[in-house]
Amino acid sequence: MFGTDAVEPLWVADMDFAAPPAVQQALAARVAHPIYGYTVVPDSAPQALADWLARRHGWPVDPAHIRLVPGVVPTLYAAVAALTEPGQGVVVQPPVYPPLFDAVRRQGRVLLENPLRETATGVWQMDLDHLETLAAGGARLLLLCSPHNPVGRVWSRDELSQVLDIARRHGMAILSDEIHADLVYAPRHGAAADAPVHVPLGHLATPEDRVVTALAPSKTFNIPGFGLSATVTANDTLARPLHAVWARLPVSVADPLALAAFEAAYRHGEAWLDACLSVLRANRDALFAAIGAGGAQRVTGSPPEATYLAWLDCRGAGLDDAALMRAWVAAGLGLSAGPRFGTGGSGHMRLNFAIPPSRLAQCIRPIHRFNLG
Ligand SMILES: Cc1ncc(COP(=O)(O)O)c(C=O)c1O
């Protein structure tokens, strides 16, 4: 990946933390039952997710509206296939998680970009006027990333309501990728009341709204290797074509181990997640304290409101993207290159800070090394 082993790898979006003990125990118990035959999805699996969404996000979901599906990236592809025709326009909001582009381009749809904008104070925003123009111009689907990877924004209720209104006015469907929804830095005790809260788009929507939400325990509980996820929609006219995509393909989510992990995580992983978020928050704050220190402005950025991903603006270094990657590798960190995230990505790097604090402390020196040039 980086041409050397002498880097701290901070790129792929998973955590260097053991999965919740409850997940480990459920897997051990399932493995101990040594018949690994064809399996069905038990009703208790969507129920576990529905209970989680009600408890953690205040979103009451009918388990009948939940379907377990094989991964959020496959879901992005399925949504594009089911809800649009070849040649139709699909909106993405770069810089954004790269498979969103691929799901559109590789299926012969037209990629319509609505680039995010950064305010003078470093806040990332959606360009709602341009989104309206694209929707009015015939865009059939918006692939929304909420919270947003890589900029770490938790879209506010007001922003999401406006997106929903635009979609309603123009009959545009929305696939809301909420895989990072559980990784929001909740207000500390006594902190400002306006601290970010994740609002599920499906909670704002009515059943008539053309909204599908994609969710997974993968990021939340650090079990992405199982690739098991879920879609939620109360809208039958979307559910039917979407589910038909899976029915056409000989794929199954009935993996006995993945199901055991999924259910144990949502039922028993909450205390682990809260402890994990405390570590991530402290890491985030230590990282951005280091980035802000020293006065050198080769790297800047604002702390993410959600996700364990930091979007670093390195344009102050005055390097092209290849040289920028070499400079970070020389400093000792293996990061994700910004251009992969599309328009607005050049000159940026994404850093994954979900590592033990002792290892993060060792990354501070490479950051200073990079800053000094
Ligand atoms: C926004 C977003 N969606 C989807 C995924 C991956 O989903 P899955 O592993 O379920 O395909 C990621 C992983 O980084 C992501 O950041």
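The values are calculated or read from the model by the stated rules, or taken from the named source; none is laboratory data. Every value quoted in this text rests on a predicted model; they were computed, and no experiment measured them. We place every Cβ from the backbone using ideal geometry, glycine too, and count neighbours over all the protein chains shown. What goes into the accessible areas is simple: the full protein's heavy atoms, side chains included, and nothing from ligands, DNA or RNA. Shrake-Rupley method; radii C 1.70, N 1.55, O 1.52, S 1.80 Å.
Quick one: residue 280 ticks every box in (1) away from the ligand (no atom under 16 Å from the Cβ); (2) outside the structural domain of residue 119 (by TED's automatic domain parsing); (3) assigned to a helix (DSSP H, G or I) bar one, so which box is it?
All conditions are met except number (1).
In this structure, does residue 197 turn out to be free of Cβ contacts under 8 Å to residues at least 60 places away in the same chain, buried (at least 22 other Cβ atoms within 10 Å of the Cβ) and more than 16 Å from the ligand (Cβ to nearest atom)?
When the stated conditions are applied, residue 197 does not pass them.
For residues that are in contact (Cβ under 8 Å) with a residue 40 or more places away in the chain and more than 16 Å from the ligand (Cβ to nearest atom), tally how many sit in the stretch 301-313.
Going through the stretch 301-313 one residue at a time, the tally reaches 3.
Restricting to the stretch 224-248, name every residue that is outside any helix (DSSP H, G or I) and within 15 Å of the ligand (Cβ to nearest atom).
As a first pass, look at the stretch 224-248 and keep what is outside any helix (DSSP H, G or I): 227-235.
Within the stretch 224-248, 227, 228, 229, 230, 231, 232 meet the criteria.
Residue check, residue 257 against (1) outside any helix (DSSP H, G or I); (2) open to solvent by 50 Å² or more (accessible area, probe 1.4 Å), all met but one. Which one?
For residue 257, the failing item is (1).
Does residue 84 qualify as being more than 16 Å from the ligand (Cβ to nearest atom), surrounded by fewer than 23 Cβ atoms within 10 Å (Cβ to Cβ) and within 23 Å of residue 230 (Cα to Cα)?
Judged against the criteria, residue 84 is a match.
Among the residues of the stretch 310-333, which ones are crowded, with 18+ Cβ neighbours inside 10 Å and aliphatic (A, V, I, L, M)?
310, 312, 317, 324, 325, 327, 329, 331, 333
Exactly one of (1) surrounded by fewer than 17 Cβ atoms within 10 Å (Cβ to Cβ); (2) of a type in the set (Ser, Thr, Tyr); (3) modelled with pLDDT of 95 or more is unmet by residue 336. Its number?
Looking at each condition in turn, residue 336 falls short on (1).
Look through the stretch 340-361, keep the residues that are touching a Pro at 6+ places or on another chain (Cβ under 9 Å) and assigned to a helix (DSSP H, G or I), and return whichever of them is surrounded by the most Cβ atoms within 10 Å (Cβ to Cβ).
341
Looking only at the stretch 89-130, how many residues end up being open to solvent by less than 40 Å² (accessible area, probe 1.4 Å) and polar (S, T, N, Q)?
2
Check residue 186 against each of (1) among the hydrophobic types (A, V, I, L, M, F, W, C); (2) in a helix (DSSP H, G or I); (3) open to solvent by 30 Å² or more (accessible area, probe 1.4 Å) and name the one condition it does not meet.
Of (1) among the hydrophobic types (A, V, I, L, M, F, W, C); (2) in a helix (DSSP H, G or I); (3) open to solvent by 30 Å² or more (accessible area, probe 1.4 Å), only one is false for residue 186: (2).
The rows are residues; the columns are (1) buried (at least 17 other Cβ atoms within 10 Å of the Cβ); (2) among the aromatic types (Phe, Trp, Tyr); (3) within 16 Å of the ligand (Cβ to nearest atom).
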| residue | (1), (2), (3) |
| --- | --- |
| 16 | no, no, yes |
| 19 | yes, no, yes |
| 28 | no, no, no |
| 45 | yes, no, yes |
| 52 | yes, yes, no |
| 57 | yes, no, no |
| 62 | no, no, no |
| 80 | yes, no, yes |
